[in-house]
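Since the structure comes first, as structure tokens, the remarks are kept for the end.
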Amino acid sequence: AIGQNITAPIAGYVKSILVNEGDYVTIGQPLVSVTQNRRLFLRAEVSEKYYPYLRTISSANFQTPYNNKVYTLKDLDGRLLSYGKASGGDGGYYVPVTFEFDNKGDIVPGSFVEIFLLSSPIENVISLPHSALTEEQGSFFVYLQLDEEGYKKQLVTLGADNGENVQILSGVKAGDRVVTQGAYQVKLASATNAIPAHSHEH
């Protein structure tokens, strides 16, 4: 196969490829879209009531609305730049917290994201990945494995959330076996009675 090397006039990340392999192209036809946004700013507006906690914040995770992926600033060579010493006024009463990070090419500059601010680690807690949770009418459940064929749907109370894992305040204890992948498949199967009921009497 014969290829042709094309040098971009600017440095940056390939945002999108506009032609397919083997396509005929003409002079001046765009081939790829390149973004120069190699470092992006992440800005969180935090309620004034949390101001005493801002000094403990070290990093953040964030989730984009267009692919629901959770990004960690640690993986993006991100860092905390600053947090405001006063609110922005205008009746908003929010304090800005600003981070910067590397754009790996799949983050849309200017988009709104859900931010999880990370402070000091919490010791001796039970936490589960988001994939273990199912939601019904605002309540959250997990599935406990009781034996080889028996599962129990368990209501849980949630605590701190970092976007990837969530603290479990009640409903699960140390040593419980929890379905962490495919919880919705278990839920769908239980709706059709495909999962055998737990027959032990307590």
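The values are calculated or read from the model by the stated rules, or taken from the named source; none is laboratory data. As the structure is a computational prediction, the values presented were derived from the model and not from experiment. Cβ atoms come from the backbone with ideal geometry, glycine included; neighbour counts cover every protein chain shown. Note: areas computed on protein heavy atoms with side chains; ligands, DNA, RNA excluded. Shrake-Rupley method; radii C 1.70, N 1.55, O 1.52, S 1.80 Å.
At a glance:
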item: Lone unmet requirement of (1) open to solvent by less than 50 Å² (accessible area, probe 1.4 Å); (2) at pLDDT 90 or above; (3) farther than 30 Å from SER16 by Cβ for LEU117; result: (1)
item: Selected residue [aliphatic (A, V, I, L, M) and under 17 Å from the mean Cα position of the chain (by Cα)] from LEU54, LEU31, LEU81, LEU76; result: LEU76
item: Candidate set: the stretch 102-128, residues that are in contact with a helix residue (DSSP H, G or I) (Cβ under 9 Å, 6 or more places away or on another chain) and outside any loop (DSSP other than H, G, I, E, B); chosen: the one farthest from VAL46 (Cα to Cα); result: ASP102
item: Residues that are open to solvent by less than 50 Å² (accessible area, probe 1.4 Å), under 27 Å from THR72 (Cα atoms) and touching a residue at least 40 places away in the same chain (Cβ under 8 Å), drawn from the stretch 142-165; result: VAL142, ASN162, GLY163
item: Residue ID - modelled with the lowest pLDDT, chosen from residues in the stretch 185-202 that are among the hydrophobic types (A, V, I, L, M, F, W, C) and open to solvent by 60 Å² or more (accessible area, probe 1.4 Å); result: ALA197
item: Candidates PHE112, PHE101 - the one that is surrounded by fewer than 11 Cβ atoms within 10 Å (Cβ to Cβ) and at pLDDT 90 or above; result: PHE112
item: Members of the stretch 166-184 found to be modelled with pLDDT of 90 or more and surrounded by 15 or more Cβ atoms within 10 Å (Cβ to Cβ), listed by number; result: VAL166, GLN167, ILE168, GLY171, VAL172, ASP176, VAL178
item: When residues of the stretch 52-87 are limited to those that are in contact with a strand residue (DSSP E or B) (Cβ under 6 Å, 6 or more places away or on another chain) and modelled with pLDDT under 85, the one farthest from ASN165 (Cα to Cα); result: SER87
item: Matching residues in the stretch 11-51 - criterion: being open to solvent by 70 Å² or more (accessible area, probe 1.4 Å), at negative phi, modelled with pLDDT under 75 and not in a strand (DSSP E or B); result: GLN36
